[in-house]
1. Give me a count of the residues in the stretch 158-170 that are out of contact with any Leu (no Cβ under 6 Å at 6 or more places or on another chain) and surrounded by 12 or more Cβ atoms within 10 Å (Cβ to Cβ).
2. So which of 148, 213 ends up being buried (at least 16 other Cβ atoms within 10 Å of the Cβ) and at pLDDT 95 or above?
3. Mind listing just one residue for me: the one in the stretch 223-235 that is in contact with a strand residue (DSSP E or B) (Cβ under 6 Å, 6 or more places away or on another chain) and farther than 15 Å from residue 184 by Cα and, of those, surrounded by the fewest Cβ atoms within 10 Å (Cβ to Cβ)?
4. If the Cβ limit is 9 Å and pairs must be 6+ apart or interchain, which residue in the stretch 193-211 that is among the acidic types (Asp, Glu) pairs with which residue that is loosely packed, with under 14 Cβ neighbours inside 10 Å?
5. If I filter the stretch 217-232 down to residues being free of Cβ contacts under 8 Å to residues at least 24 places away in the same chain and assigned to a strand (DSSP E or B), which single residue comes out as nearest to the chain's Cα centre (by Cα)?
6. I'd like the full set of residues that are buried (at least 16 other Cβ atoms within 10 Å of the Cβ) and either of a type in the set (Lys, Arg) or over 16 Å from residue 152 (Cβ atoms) (or both), limited to the stretch 171-189.
Amino acid sequence: MRKASLYIAVMIFALLLAGCSEKPVDESDVETSAPPSSTVSAGEETETPEPSEEPAENSDTPSEPVSEPPASEEPVPQTEKLPDNNKPDNTPPATNPPQRTNPPADNTPTPEPSTPTPSKPTTPEKPVEEPEPIPKTAYDYPFDIETIKADCIAIGKEMGLNLDTSLTPDNAANWNPITASKTSQGAALKRNLENYIRYHTVENLAPYGIDSITDFNIHFEPRGDGVYSIYFLLA
């Protein structure tokens, strides 16, 4: 009988909860509304108090909302707000400066500036020095016969011979003469005459039958046009 009464009481409580559809059900209320369970020792019966019937009018009246416990008065430490990467960045995007466009290329070739070529320092030209004229000697054409004759006589006397002006190509011995001309003049002519006179020695003329030389003479024979044949005469 008591179990049936308890079942009816639970059903009534459930109907009351169903009627209060607009009232949010708080789990704490349900837990507190449930009848506390009492431990029953063996052999003892516990009486379950019957719930008191509440007037039906109160079933439609919504219960007052349960007020939340007051917030703790302890100061809540503030933490630094980190930047949210998901928020849109209101900073305007950096725009590249407008690039300067080059004007259209002109096909006309631009003349390159001419670089002045450095001029070499002009060295003043030295005046062409004309060779100094070689002083004319008695052996140069036209010849100074008297000077040449005196030089040849001096060589004969140097050799120890006696000058005899009476000697001619017809009465004295002689060898091939030396020719003085335009092609044989100057220093060459002087050298040839000296060698020619000094050749007349007993040592050089012994093979030809001449074993002694005591006298000599220098004879000039003109050939025309300033040309001379010069003889060394000996006796």
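The values are calculated or read from the model by the stated rules, or taken from the named source; none is laboratory data. Everything quoted here is computed from the prediction, not taken from an experiment. Note: ideal-geometry Cβ built from the backbone for every residue, glycine included; neighbour counts use all protein chains shown.
1. Of the residues in the stretch 158-170, 7 are out of contact with any Leu (no Cβ under 6 Å at 6 or more places or on another chain) and surrounded by 12 or more Cβ atoms within 10 Å (Cβ to Cβ).
2. So the residue among 148, 213 that is buried (at least 16 other Cβ atoms within 10 Å of the Cβ) and at pLDDT 95 or above is 148.
3. Among those residues, the one meeting the criterion is 235.
4. From the stretch 193-211, the pairs are 211/202.
5. Ranking the qualifying residues of the stretch 217-232, first place goes to 224.
6. Passing the criteria: only 173.
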